[in-house]
1. Loop only by DSSP, 15 or fewer other Cβ within 10 Å of the Cβ. Give me the trypsin sites (Lys or Arg not before Pro) in the range 108-202 that pass, ordered by residue number.
2. What number, rounded to the nearest 500 deg cm²/dmol, is the helix-based mean residue ellipticity at 222 nm of the chain, given -39500 (n - 2.57) per DSSP H run of at least four residues and division by all its residues?
3. Using each residue's phi in the range 184-191, evaluate 6.51 cos²θ - 1.76 cosθ + 1.60 at θ = phi - 60° and report the 3J(HN,Hα) Karplus result to the nearest Hz, with x for Gly and Pro.
4. Roughly how many percent of the accessible protein surface of the chain is carbon and sulfur, given a 1.4 Å probe and a whole-percent answer?
5. Take E6, E188 and sort them by solvent-accessible surface of the protein heavy atoms, 1.4 Å probe, largest at the top.
6. Can you give the Kirkwood hydrodynamic radius of the range 179-239 from its Cα pairs, in Å with one decimal?
7. Using the per-residue mean of other Cβ atoms lying within 10 Å as a proxy for protection, in what order, highest first, do the peptides 206-212, 46-52 fall?
8. With θ set to phi - 60° and the Karplus curve 6.51 cos²θ - 1.76 cosθ + 1.60, what are the ³J(HN,Hα) couplings of the range 86-101 in order, to the nearest whole Hz, using x for Gly and Pro?
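The values are calculated or read from the model by the stated rules, or taken from the named source; none is laboratory data. As the structure is a computational prediction, the values presented were derived from the model and not from experiment. Methodologically, a virtual Cβ is constructed for each residue, glycine included, from the backbone with ideal geometry; neighbour enumeration extends over all protein chains shown. Surface accessibility is based on the protein's heavy atoms, side chains included, excluding ligands, DNA and RNA. Shrake-Rupley method; radii C 1.70, N 1.55, O 1.52, S 1.80 Å.
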Amino acid sequence: MGRAFEFRKARKMKRWSAMSKAFTRIGKDIVMAVKEGGPDPDSNSRLRAVIQNAKSVNMPKDNVERAIKKASEKGQGDYKEVIFEGYAPHGIAVLVETATDNNTRTVANVRSYFNKCDGSLGTSGSVVFMFDHTCNFRINAEGLDAEEIELEFIDFGAEEVFADDDGILIYAPFESFGAIQAELEKREIEILSSGFERIPQVTKQLTNEQVADVEKLLEKIEEDDDVQNVYHTMEESAE
């Protein structure tokens, strides 16, 4: 198996386990999708993807419909996607994806987390090159074979395909999202969830004490309401 498989296995159950955080995150994704392409999922592929993700975390349908309606209102502010880069203790690169309606607040908060935990917030471009920006799809595995899907979707950008207990996962470069989504829908293959991840090209192994130092910073960042995703180059255990 490749890096995407190991990355997914290590992160499973570790991040975004809190349902309330997942709902907040998806609510912001709905706002950004509606602002970008309108409230009709039939004509807005990004919104279709977000609705699928809402279903995958059991977000109530009423919540989704309410979020779409709210996002369509004129008075609803927009969220901007902002990336922060820096270093945790022990030379671990950290990349933080945020969705914020107040960049001044978010910058101040993220900088304070790094400072309080002996890390340092870097400049744009300082660590992003250490991560591969990927897209992924989880599809219903019923009646499908992962190896056949991999062969059939190579032409659409798929680089790694594997099965787990929850379906078949397809990983591809970020730019391949639209092509793969369109082909899955064309074939009427059920998409259970989809998204984007940044997979570290190289990871660094730390001692238990050093891991605790880094985890302290990661937990502070992840608790922030403006934060959508946090990625790092620390080697994680799959246990």
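1. Those that pass, being in a loop and sparsely packed, are R187.
2. -13000 deg cm²/dmol
3. 4, 5, 4, 7, 6, 8, 5, 8
4. Of all accessible area on the chain, carbon and sulfur atoms account for 48 percent.
5. E188, E6
6. It is 14.7 Å.
7. 46-52, 206-212
8. x, 10, 7, x, 6, x, 8, 6, 10, 10, 10, 9, 10, 10, 9, 9
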